[in-house]
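Asks: The structure under discussion is supplied below as structure tokens; questions concerning it will follow.
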Amino acid sequence: MARTFQLPFPSVAKQVQELGERIRLARLRRELSTVLFAERMGVSRETLRRLEAGEPNIALGTYMRALRVLGLDKDIDAIARDDVLGRKLQDLAALRAMPRPRGLTSHGSAHARAAKDKRPSGEENGHQA
């Protein structure tokens, strides 16, 4: 059965392409030929070419092997380490789940007391002067 492949969003495709370029530059700085690098990764030169070109259907494991051979595999640990948005969403959900403080009913709330204080004198008990 043939695998189906969904095209990534344009911004994701650009990121993958830039990652492939960074891997290629790291390989060149280490003076590794495509033959040697592909051999150390355990992939064909064609797969390496596609990885460095940033083709989006290259498996994550292949990227991990490339980073490992280059000595950059620890860099992957930084991905999603600091989940700022996730923490904000979690904090917001926690605030919504918190019970309201007791003792603040419509009679005892600051708003109700302020409204009561604005009544003309003699009207406090429902009587007019």
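The values are calculated or read from the model by the stated rules, or taken from the named source; none is laboratory data. Computed from a predicted model, the values in this text were never measured in an experiment. With ligands, DNA and RNA removed, areas are computed over all heavy atoms of the protein, side chains included. Shrake-Rupley method; radii C 1.70, N 1.55, O 1.52, S 1.80 Å.
Asks: If you split all Cα-Cα distances of the range 10-78 into 5 Å bins from zero, what percentages do you get per bin, shortest first?
Replies: In whole percents, the pair-distance histogram is 4, 18, 31, 29, 14, 4, 1.
Asks: Where does each of 5, 37 land when they are ordered by accessible area, with a 1.4 Å probe and the largest first?
Replies: 5, 37
Asks: Quick check: Cα centre of the range 68-88 to Cα centre of the range 1-23, how many Å?
Replies: Going from one Cα centre to the other spans 19 Å.
Asks: Using a 1.4 Å probe and counting only protein heavy atoms, arrange 39, 55 so the residue with the most accessible area comes first.
Replies: From most exposed to least exposed: 39, 55.
Asks: Also, quick follow-up: Whenever you get a sec, line up 100, 27, 50, 87 from highest to lowest accessible area (probe 1.4 Å, protein heavy atoms).
Replies: So, going from the largest accessible area down, we get 100, 87, 50, 27.
Asks: Accessible surface of residue 47 in the full protein assembly, 1.4 angstrom probe, to the nearest 10 Å²?
Replies: Accessible area of residue 47: about 30 Å².
Asks: How much accessible area does residue 11 have with a 1.4 Å probe, in Å² rounded to the nearest 10?
Replies: 80
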